[in-house]
Amino acid sequence: MYQPSLSFFRSVVHPGLRRIEAKSIKNSSTPATVYRLWLEAGGEKAPRSLIVKRIDPNWPEDPLGHEREMRFYAYLLPKLDIPQPRVYYAGEEPGTGQHLVIMEDLSRSHYFPQPAHIWKQAEIEQILRTYARLHAAGELALSVEKDLDWLFHRHEKRLQKTAGDLPAMVA
């Protein structure tokens with residue numbers, strides 16, 4: 001079970017933290033686990049909970065995979081003019097080699113449907129509008145970036161291989 005470092009979280013979230021309790025809420029399709037952290041800080045103005053994505057650096061077939069989300073949250077997201085959670089930290093976890101994204105827990109103000117949710121057309125249209133805004137804003141933000149190698153999708157080589165095999169598959 002993940003045991004967050006109280007001293008590290010004091011340095012990046014709030015100096016008055018006294019206790020942290022972690023609960024795994026999702027295993028990602030990537031080598032990562034998402035946790036909800038419950039925080040205790042006495043009478044201090046600190047968040048009551050946070051979301052932490054802990055990303056393993058060992059990704060099969062994708063040497064930059066462990067950095068993709070961390071870099072998105074650290075460098076790209078702040079440049080986008082879209083609604084977003086507060087990101088407290090995106091970087092390497094001291095002493096572990098794992099990458100962390102520590103962000104605001106939006107579960108008190110936003111609804112997150114279960115994976116089996118049957119989407120209504122209006123919901124799908126809103127999701128597509130949001131994705132379109134994200135990609136349009138992202139393209140503008142990326143136009144000033146010089147190092148974009150980290151963005152390449154982890155499946156790109158497999159897709160290229162499959163695309164190369166397509167003529168043989170249909171012949």
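The values are calculated or read from the model by the stated rules, or taken from the named source; none is laboratory data. Please read these numbers as outputs of a predicted model, since none were measured by experiment. Here the Cβ positions follow ideal geometry from the backbone for every residue, glycine too, while neighbour counts run over all protein chains shown. SASA here: full protein model, heavy atoms, side chains in, ligands and nucleic acids out. Shrake-Rupley method; radii C 1.70, N 1.55, O 1.52, S 1.80 Å.
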Item to check | Positive-end residue, segment 92-140 charge dipole about Cα centroid, Cβ charges, pick of Tyr131, Gly97, Gln121 | outcome: Gln121
Checklist entry - When the Karplus curve 6.51 cos²θ - 1.76 cosθ + 1.60 is applied with θ = phi - 60°, which whole-Hz ³J(HN,Hα) does each residue of segment 97-105 get, with x for Gly and Pro? => result x, 6, 9, 10, 10, 10, 9, 4, 8
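What is the calculated FRET efficiency for Asn58 to Val12, with r their C-beta to C-beta distance and R₀ = 30 Å, to the nearest 0.05?
On the way: r = 24 Å, r/R0 = 0.80.
Efficiency for this residue pair is about 0.80.
Compute the length gained on full extension between Leu134 and Gln84: take 0.36 nm times their separation in residues and subtract their Cα-Cα distance, giving the result in nm to one decimal.
Full extension from Leu134 to Gln84 adds 16.9 nm.
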Next on the checklist: Can you sort Arg133, Arg48, Arg108 by solvent-accessible area, 1.4 Å probe, largest first?
Outcome noted: Arg108, Arg48, Arg133
Next on the checklist: I'd like the GluC sites (Glu not before Pro) in segment 1-91 restricted to DSSP loop residues with at most 12 other Cβ atoms within 10 Å, sorted by number.
Outcome noted: Glu44, Glu61
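Do me a favour and compute the ellipsoid semi-axes for segment 1-78 from its Cα gyration tensor, root of five times each eigenvalue, largest one first, whole Å. Walk me through the numbers before you get to the answer.
Values: eigenvalues 139, 42, 20 Å².
Rounded to whole Å, the semi-axes are 26, 15, 10.
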